[in-house]
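Nothing in this text is a laboratory measurement; each read-out follows from the coordinates by a stated rule. No experiment lies behind these values; they were computed from the predicted model shown. All Cβ positions, even for glycine, are placed from backbone atoms using ideal geometry, and neighbour counts span all protein chains on display.
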Amino acid sequence: MIEFLFSQYRDYPKQDIILEIVAIIFGLISVLFAKKNNILVYPTGIISTVIFVYLLYKWELIGDMLINGYYTTMSIYGWYLWTLKKNDHEEYPISVMNKKEIGIGVIIFLITVIFVILVYHFFDKFTSWTAYVDTFTTGVFFVGMWLMAKRKIENWILWIIGDIISIPLYFYKGYTFTSLQYFVFTIIAIYAYKEWKRNLAITI
């Protein structure tokens, strides 16, 4: 079983394996902070995404690298938004999407998918079915991160969808640790959605 799960790491540089594990640990810590609606989700998340940008660039996983580069940028943006207060209250409390935000979310998804398709064509990365799945998950995660910055409860639904798809996807690509990370992410996201939903019910 161990051989089946981790044999692909046999030829990996030791420092890359260590960096992947460190990035995963900080990623899990970040999601736990997000579940608790704690602003520390952002600094811990930035550490994880910056490491993954480096690793994914090295592994030539362009779509995944773009996702994590975007995560880093949106983490800075979300960190700023979550610090804003109005009359001693959070300016962006947990809330649900309105029609305008749904429209913006659809636009972000479509623009992201088109952009990734163009990038993949430029780098000639449409050589496997995984590239086509990557275009979809990138769009889902881009919208999810934007909604997280806005503290919209629907962000967790998108994380759950993207995480479930990413579990077998990363395992197939040969990154078992990252695949296991997305498995844990899925579980946390389900509980986080329930917790945010309870918090939302209290504030309404």
Surrounding charge for residue 82, neighbours by C-beta under 12 angstrom, Lys/Arg +1, Asp/Glu -1, total +1
Beyond 16 Å, what share of the Cα-Cα pairs of segment 113-204 remains, rounded to the nearest whole percent? 60 percent
Between beta-carbons, use under 12 Å as the cut-off and find the net charge around residue 41, counting Lys and Arg +1, Asp and Glu -1. +3
Can you compute 3J(HN,Hα) from phi for each residue in segment 134-141, using the Karplus curve 6.51 cos²θ - 1.76 cosθ + 1.60 with θ = phi - 60°, rounded to whole Hz and x for Gly and Pro? 4, 4, 6, 5, 4, x, 4, 5
Chymotrypsin sites (Phe, Trp or Tyr not before Pro) within segment 44-124: DSSP coil, no more than 14 neighbouring Cβ in 10 Å: 123
So what J values fall out for segment 125-132 if you push phi through Karplus, 6.51 cos²θ - 1.76 cosθ + 1.60 with θ = phi - 60°, rounded to Hz, Gly and Pro as x? 9, 7, 10, 8, 4, 5, 5, 5
Cleavage-rule hits (trypsin sites (Lys or Arg not before Pro)) in segment 6-106: DSSP loop, at most 10 neighbouring Cβ within 10 angstrom: 10
Below 19 Å, Cα to Cα, which lysines can residue 35 reach? Residues fewer than 8 away in the same chain don't count. 150, 152, 194, 197
Evaluated at 25 °C with a viscosity of 0.890 mPa s, what Stokes-Einstein diffusion coefficient in µm²/s does the chain have when Rh comes from the Kirkwood expression over alpha-carbon pairs? 140 µm²/s
Calculated from backbone phi, Karplus (6.51, -1.76, 1.60) coupling profile of segment 44-51 in Hz, x at Gly/Pro: 5, x, 4, 4, 5, 5, 5, 5
Can you give the local net charge around residue 100? Use residues other than it whose beta-carbon is closer than 15 angstrom to its beta-carbon, Lys and Arg +1, Asp and Glu -1. +1
